[in-house]
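The values are calculated or read from the model by the stated rules, or taken from the named source; none is laboratory data. This one's a predicted model, so the numbers in the text were calculated from it and none came from an experiment. FYI the Cβ positions are ideal-geometry reconstructions off the backbone, even for glycines, and counts take in every protein chain you see. These area figures cover heavy atoms from the full protein model, side chains too; ligands, DNA and RNA do not enter into them. Shrake-Rupley method; radii C 1.70, N 1.55, O 1.52, S 1.80 Å.
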Amino acid sequence: MSRPLFWLTAAGRHGPLLLCVGVTIGLFLPAWADAARPLMGVAVFIFTLGAFLRVEASAFALEMKSRLRICLILAWTTFGVPGAAYLLVRTTHLPADIDVGIVLASLAPPVGSAAAIVAMLGLNASLALICTVAATVAAPVYLPQLANLMAGAQLEIDMAALSMRLAVIVGGAAACSWLLQRYAGASVRANPHAMTGISVVELIVVAIGAMHGMNQQISTDPLRAFEVLMLAFGMNILLQIAGAAMFFHAGQVRSLTIGLVSGNRNVTLVWAAATPFLAARPGAELFLAMSAFPIFMLPLAMKRSLPWVRSMAKILDRPTIAPRLVDSLGRRDRPVA
């Protein structure tokens, strides 16, 4: 095995740990975060390419086969997640700015790295890609209206610029993936961990760059930052559990994938669009900033807990009234080793 392939394979096998390392580097070495920030656009393209390389056309076709199931999943990940978050903040007594931050974070589409993270965890990368791309493409249409209705926020989204960015990233990555699988398909299929490693390396760049300016956010009021950080972790975990539970009978792999895209949202998209609105709401901005940490740090905990989760799922997966719903949603998938 060539040395680059060896290191990519090693990165693919230890992706969740390396993401935690990336966040730590970016947080404690601000100069590195500043240097990585301009590289994030290229990194997003490459980790999207890595995710496409782990998915075959047949896998996409399998997910799209059941239209009812995919429509229900997209409805939940796009609109159900912010609806659940909105109901939650309406029944709690958190500060108003924090409520706004939670709602805005949940309104964001699934984070662009979701498919790459799902791939490194051995879950359903094709389903994660479908959820991410569909919600992100629709975001310019629904996001400003729902943000105004649910949080009173005025968002500034350049639809033309976002559409062009999506076309370059998603379309370009899909085209490059097709060419590589067509002309180097044997190598791609023979080295699945190396393909994941491509995404991991670029995700490390994104994780470091995402810590840009985080020191200032934390140093202003460390205790408050820690409290909001714990809340961001809690919301991410809660939404993951809710998403996985709602689709439990669609199979372990699908349900865990849906859970991951439910909790991990593209907060940077909303953060950038709501900058003028957030100027007078530091609590909301702090929550959006702290929401970046669980995206890159929770996959390590997920990887270590997956064997236990799957064991519990087998115990709980007993005949109930759900089989009729399962049949209507389509044939269940099998766990990926």
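Filter region 144-183 down to the residues that are charged (D, E, K, R) and not in a helix (DSSP H, G or I), then identify the one that is nearest to residue 83 (Cα to Cα).
Step one: list which residues in region 144-183 are charged (D, E, K, R), which gives 156, 158, 165, 182.
In the following step, the residues that additionally are not in a helix (DSSP H, G or I) were identified as 156, 158.
Working: 156: 22, 158: 24 Å.
Among residues in region 144-183 that are charged (D, E, K, R) and not in a helix (DSSP H, G or I), the one nearest to residue 83 (Cα to Cα) is 156.
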Problem - Check on residue 262, within 14 Å of the chain's Cα centre (by Cα) and at pLDDT 90 or above - result: yes
Handout entry: Verdict on residue 75 being aliphatic (A, V, I, L, M), open to solvent by less than 70 Å² (accessible area, probe 1.4 Å), over 17 Å from the mean Cα position of the chain (by Cα) and under 25 Å from residue 128 (Cα atoms)
Key = no
Exercise for the section: Could you run through region 78-125 and say how many residues are buried (at least 24 other Cβ atoms within 10 Å of the Cβ), modelled with pLDDT of 90 or more and hydroxyl-bearing (Ser, Thr, Tyr)? Expected result: 1
Exercise for the section: Take region 1-48 and flag every residue that is under 26 Å from residue 174 (Cα atoms) and under 17 Å from the mean Cα position of the chain (by Cα). Expected result: 15, 16, 18, 19, 40, 41, 43, 44, 45, 46, 47, 48
Fill in the blank from the handout: Flagged in region 129-173 as closer than 15 Å to residue 273 by Cβ, small (Gly, Ala, Ser) and either in contact with a strand residue (DSSP E or B) (Cβ under 7 Å, 6 or more places away or on another chain) or surrounded by fewer than 21 Cβ atoms within 10 Å (Cβ to Cβ) (or both), in numbering order, are 135, 138, 152, 160, 161, 163
Handout entry: Failed item, numbered, when residue 253 is tested on (1) of a type outside the set (Gly, Ala, Ser); (2) outside any helix (DSSP H, G or I); (3) open to solvent by less than 30 Å² (accessible area, probe 1.4 Å)
Key = (2)
Practice task
Quick one: which residue in 188, 141, 205 is among the aliphatic types (A, V, I, L, M), under 22 Å from residue 107 (Cβ atoms) and in a helix (DSSP H, G or I)?
Solution key: 141
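Within region 1-15, how many residues are part of a helix (DSSP H, G or I) and under 22 Å from residue 294 (Cα atoms)?
First pass over region 1-15, keeping only residues part of a helix (DSSP H, G or I): 3-13, 15.
Checking which are under 22 Å from residue 294 (Cα atoms) leaves us with 11-13, 15.
Adding up the residues that qualify gives 4.
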Exercise for the section: Would you be able to say whether some residue in region 218-238 is touching a residue at least 12 places away in the same chain (Cβ under 8 Å) and under 21 Å from residue 51 (Cα atoms)? Expected result: no
Exercise for the section: Might you check whether a residue that is free of Cβ contacts under 8 Å to residues at least 60 places away in the same chain, at negative phi and among the β-branched types (Val, Ile, Thr) occurs anywhere in region 93-108? Expected result: yes
Completion exercise
Condition set of a type outside the set (Lys, Arg) and either touching a Phe, Trp or Tyr at 6+ places or on another chain (Cβ under 7 Å) or outside any helix (DSSP H, G or I) (or both), scope region 263-277, selection surrounded by the fewest Cβ atoms within 10 Å (Cβ to Cβ): answer is 266
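Is it the case that residue 187 is more than 18 Å from residue 43 (Cα to Cα) and among the polar types (S, T, N, Q)? Lay out the reasoning, then the answer.
On the way: more than 18 Å from residue 43 (Cα to Cα): yes; among the polar types (S, T, N, Q): yes.
In short, yes.
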